[in-house]
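S.K.: Dropping a structure here in structure tokens format, bear with me for questions.
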């Protein structure tokens, strides 16, 4: 417990309770070959037909190139752009590249829990630049210290060991053909994120109820 200068009191949550609230996993789709509670794995296949799959492109750094296959990439002015599909499956946002088959499947490049995301629409771009492309700006915040796929990590904070708190922050720009396409993707993704975050109440209830999973003495960190 920490007493602030303004008289307020902060009680830091321990890692186990943070994980229970922020990292609640759910497979959510039997078509993905994952174990319950684990995210869809990069390299596995996801069905795109019959889903709300949004075509998009993302910038790919040299360190991330190993995550992609050789097709679907375009280089412009020294920057590599990868054609992808953004799709929501269960509690996860997935970025997948077309696998080139006639079955309409995609190869998963990255998966991320919706509850760890925030999405914002970019301001309208000046039409004089000759491009209609529009982007969504994704922000990532998680108790997990490992970077998620192609997110650019902006901060990896570790507070005092006695507080036991760690947060990884990242960002990702996802570009769409035009404002209409970006707006449609934003509407669907924002709603799914809101719904996923609303489930955090269940995580708190479970953490405070089931002593065999989380002991009361370990819920809060001591300073």
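S.K.: Would you confirm whether or not segment 176-185 contains a residue that is modelled with pLDDT of 90 or more and either in contact with a helix residue (DSSP H, G or I) (Cβ under 8 Å, 6 or more places away or on another chain) or not assigned by TED's automatic domain parsing to the domain that holds residue 133 (or both)?
M.R.: yes
S.K.: May I ask you to list the residues in segment 47-59 that are touching a helix residue (DSSP H, G or I) at 6+ places or on another chain (Cβ under 8 Å) and crowded, with 17+ Cβ neighbours inside 10 Å?
M.R.: Result: 54, 56.
Yes/no per residue for (1) within 12 Å of the chain's Cα centre (by Cα); (2) at pLDDT below 80; (3) closer than 17 Å to residue 113 by Cβ:
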position: 131; (1), (2), (3): no, yes, no
position: 135; (1), (2), (3): no, no, no
position: 139; (1), (2), (3): yes, no, yes
position: 147; (1), (2), (3): yes, yes, yes
position: 150; (1), (2), (3): yes, no, yes
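S.K.: Does residue 118 satisfy the criteria of being surrounded by 12 or more Cβ atoms within 10 Å (Cβ to Cβ), modelled with pLDDT of 90 or more and either under 20 Å from residue 186 (Cβ atoms) or not assigned by TED's automatic domain parsing to the domain that holds residue 180 (or both)?
M.R.: In short, yes.
S.K.: Let me ask another. Among the residues in segment 60-75, are any exposed (fewer than 15 other Cβ atoms within 10 Å of the Cβ) and in a strand (DSSP E or B)?
M.R.: Yes, that holds for at least one residue.
The values are calculated or read from the model by the stated rules, or taken from the named source; none is laboratory data. Note that the coordinates shown come from a computational prediction; the quantities given were computed from them, not determined experimentally. We place every Cβ from the backbone using ideal geometry, glycine too, and count neighbours over all the protein chains shown.
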